[in-house]
Every structure is written in structure tokens, then in C-alpha cells.
Amino acid sequence: MTKSSIPAQPSTALALRPGQAITPRKHRLATIFGRKRSTLPEYLEQPEIEGLLKHAPSPQARLLMLLQWRAGLRVSEALALKVGELHLDGDRPTLTVRQGKGNRPRLVPMHPELQAALSNMLAFGVIQHGWLVQTTRSTAWRWVRVAAAQAMANGDIAPGRHIGTHTLRHSAARHWLANGVPINKVSLWLGHANLQTTLIYLAIIPDAVGDMARVP
């Protein structure tokens, strides 16, 4: 068979528009998902989160981490949350995020673990009015780092992980998707301006509900 008769193979490269340069490999993920990101989001599995919470240096630290993990809040949103923005009664308790990114308020459904923790803290007077957690962002970051170091030393989390406050939010998003929450709902709960921002989580859980196993 001559070179000219060899059938052309289908290209697996990304199609380029006229004048578009080839994207370096390490930045290709950012191109696909429309974000300036060259690495995947750092996240923890639920047992690792439980290990982190176990080593929170104070009840306020644990509450802050729980708000980020169970409600997917940004640290700034968790620190801005007030008692009056909790809706604990009824079958579907929620919390209202009034100071979200871009000043977009939203309602977030409340997980039973978070509802129980908040109800207990209110009942015993640990929190009464005003802000739920009164601290600075730098202290919040330190709390997570202290808890992470203790969890690693105890074997609850593998050593060498880079864990910060935003890791809890990433973990929440991945956990929701892994448990069958539709990605459009995850996007709303996270307060993303558009769905494309949420698509990055499909890179860390590409088959959230096991669709591939059902393919004949």
C-alpha cells in the first residue's frame, strides 16, 4: 500500500478556529471548562472531612468548617451569615446567603447534620444573635490548617495534602454530585453566576452516578 492510499485517521485534537493557537497541555483543562485553572480542585472525601472536623480547634472553628462543608459556602459567606438568616423550622430548612459573590442572594437547603448542629448551639446559647462565627478570614484559614495538620498526624488524612478553607466548598460540590444531585442544582446552591463554572467538578467526578456501568 502506497503512502497516498493509506486512509486518513480521525483526528483527536481539539478543533482550532482560524488564527487560534494551540493551547499548552497544562492549560488545556482551563480551556475546556472556560476557567483560568491549570489544576483540578483539591477536595476531601467524607471520612477525611469527618477527620478534619474532629480536630477543629474550637466549637466556632468546627461550625465554620461545617457551614462550608454542608452548605458549600465560601468562607466570606460563612463569616457573614447571621442567626436571622437561618430557617430551621419546617420539613425543608434553609439558610439565606445575602452577601454572596456579585451580591447575588440565594437560598441553600440545609443538611440534617448542619441543622442539628445549629439547633443545638442555639438551644444551649452558644450562638444567640448576630453573626454565627465571629472571626477573620486569616483566623478561619489558620483553623483549617491546624485541624488538617492534626488530622494528618492522626492518619485521618494523607500527609502532604494542600488543604484550605476553599477545599471544604470543593468537597461539598463533589459530594453532592457523587450522591446524585443534578449539576444545575449544585450550581445554584454554590451561587455560581453560570453553569460553566460548575462544570470543573465533572473533571474530578466524571461519572457521578455510575452511568458507565449501565451502558450495554
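When Arg92, Arg98 are checked against the criterion of being touching a Pro at 6+ places or on another chain (Cβ under 9 Å), basic (Lys, Arg) and within 14 Å of Leu190 (Cα to Cα), Arg98 stands alone in meeting it.
Restricting attention to the range 153-184 and to residues that are over 13 Å from the mean Cα position of the chain (by Cα) and among the charged types (D, E, K, R), the residue that is nearest to Leu66 (Cα to Cα) turns out to be Asp156.
Checked against the criterion of being more than 19 Å from Leu168 (Cα to Cα), surrounded by 14 or more Cβ atoms within 10 Å (Cβ to Cβ) and touching a residue at least 40 places away in the same chain (Cβ under 8 Å), the candidates Val75, Val83 yield just one match: Val83. Of the candidates Pro57, Pro41, Pro7, the single residue that is part of a loop (DSSP other than H, G, I, E, B), loosely packed, with under 11 Cβ neighbours inside 10 Å and either touching a helix residue (DSSP H, G or I) at 6+ places or on another chain (Cβ under 6 Å) or modelled with pLDDT under 90 (or both) is Pro7. Scanning the range 182-203 for residues that are out of contact with any Ser or Thr (no Cβ under 9 Å at 6 or more places or on another chain) and surrounded by 19 or more Cβ atoms within 10 Å (Cβ to Cβ), which turns out nearest to Glu45 (Cα to Cα)? Applying the filter and picking the extreme gives Tyr201.
Exactly one residue among Leu132, Leu86, Leu118 is among the hydrophobic types (A, V, I, L, M, F, W, C) and either under 23 Å from Glu48 (Cα atoms) or within 20 Å of the chain's Cα centre (by Cα) (or both), and that residue is Leu118.
The values are calculated or read from the model by the stated rules, or taken from the named source; none is laboratory data. In this text, all values refer to a predicted model and were calculated from it rather than measured experimentally. No Cβ is skipped: glycine too gets one built from the backbone with ideal geometry, and neighbour counts run over all protein chains shown.
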